[in-house]
1. How high is the relative contact order of the stretch 37-450, in percent, with contacts defined as C-alpha pairs under 8 Å that are six or more residues apart?
2. HN-Hα J couplings of the stretch 199-209 from phi, Karplus 6.51/-1.76/1.60, θ = phi - 60°, integer Hz, Gly and Pro as x?
3. Need the C-alpha centroid separation for the stretch 119-187 versus the stretch 29-83, integer Å.
4. Can you give the local net charge around Met375? Use residues other than it whose beta-carbon is closer than 10 angstrom to its beta-carbon, Lys and Arg +1, Asp and Glu -1.
5. Stretch Glu241-Leu339 to full length: gain in nm at 0.36 nm per residue minus the Cα-Cα span?
6. At a temperature of 4 °C and a viscosity of 1.567 mPa s, determine how fast the stretch 37-450 diffuses translationally according to Stokes-Einstein, using the Kirkwood radius over alpha-carbon pairs as Rh; express D in µm²/s, rounded to the nearest whole number.
Amino acid sequence: MSPGPGADSAPAPKPHDDDHTSGTAPGDGPAGRGTFSSLGIRNYRLFFTGAIVSNTGTWMARITQDWLVLTLTGSAAAVGITTALQFLPMLLFGLYGGVIADRCPKRLLLLFSQGALGLCGLTLAVLTLSGEVRVWHVYLVAFLLGMVTVVDNPTRQSFVSEMVGPEQLRNAVSLNSANFQSARLVGPAVAGVLITAVGSGWAFLLNGLSFLAPIIGLLLMRPAELHRTEPVPRGKGQLKEGLKYVAGRPELIWPIVLVGFVGTFAFNFPIWLTAFADKVFHAGAGTYGLLNTLIAAGSLAGALLAARRGSSRLRMLLGAAALLGVLEIAAALAPSFWLFAALLVAIGMVGLTVNVTANSSVQMATDPAMRGRVMSLYMMVFVGGTPLGAPVVGWLTDHYGVRVGMATGGAVAVIAAVVIGLILLRAGGMRLKLDLRRGHRHVRMVPRERLTAVV
């Protein structure tokens, strides 16, 4: 997102091909091991501060939007449709957003996209405060938000590396997630109070105004201190070039496939939590906000732990995805509110680990000149799968109950992690070895030629 060409455009090193399940992502090293080390960089500190404000507003609006749709329609499927419309543009046009991000100065592009997101929030605020809001208005604004996000998402993702450089990239990605989840702690609680006290319109208004903070932060940055990546000139076949680049690298394609399954089926919390609050626990917006806050608390803890880790391992991603599915199945079967609430904290922590590990490992394994296109594919699969999964999960929730809907999403995550793990083991020339002898590691990965008889 720098306004001009720069020097930091050398390709990132690629991971070794002999062990795709346990390798360390490129760019990891001794630098940046402190939890908050990347905040020592002024440009990133401005970005981080502005994001705290806008992320809080975004979470307020997200919770308020879901509750407003449920109030207007009484249908969990309608909440799913709203979510689907917001992410449908990412599925349809996400790759083109990555091409734009690679071609344009990212800082300038973010100024326009953040301003457009603020205008969408203010539009919904005016409609709601005037008493004229209808469900189709919410659908339309959700779709427009999605259109802006097509460009905003890959631009923000790839701009992080320009602010902090490769050595601090993983730390900054983790802190971005901590930032987002910190806002998730505050936003739902504030939204619940505002909905109860003065109505939904004020939450939407505050969200629209919150985008002034990142805009100011972007304007105050020092362009000379960015690790600039030279914008890619316009040319034919750039979209196809990005797809071919990813397809030839197992360290990119399989994490993207895995987060696609997780994002499509296992991250449908707006549908599940509204239904649990309303249908299972027979509570109101305050309880819905509390459930979201519990997930955020776990996610924040997971993000801070991720910021301290110095590497991104694919086996950690696979294990976290499988564990997320198991926890969701357990939560779906939880007999009491407090057990369900406790499991949400664990779900938040593990779900965030999936997100950060996949995001940072993909970014670090990508050439800077391709990063916008690769991250647009990543976000298209991770977020763009929601238009396919949300209506299905919403239909299951409406017809068979929220417990069946949530358990199904968890089961898909477990199956995807196991299948992709087996594929990666085979691609890396590795196999699992079981050793039941006392004092030995019972389960470990070994090269195929070293595999001995199973004990």
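1. Over the stretch 37-450, the number comes to 27 percent.
2. x, 5, x, 5, 5, 5, 5, 5, 4, x, 6
3. Comparing the Cα centres of the stretch 119-187 and the stretch 29-83, I get a distance of 6 Å.
4. Charge balance near Met375 sits at +2.
5. The span from Glu241 to Leu339 would gain 30.4 nm if fully extended.
6. Estimated via Stokes-Einstein, D reaches 60 µm²/s.
Any read-out appearing in this document is the output of simple, stated calculations on the displayed coordinates, not a laboratory observation. The shown structure was predicted, so the numbers you read here are calculated from the model rather than taken from an experiment. Positions of Cβ are generated from backbone atoms using ideal geometry, with glycine treated the same way; all protein chains shown enter the neighbour counts.
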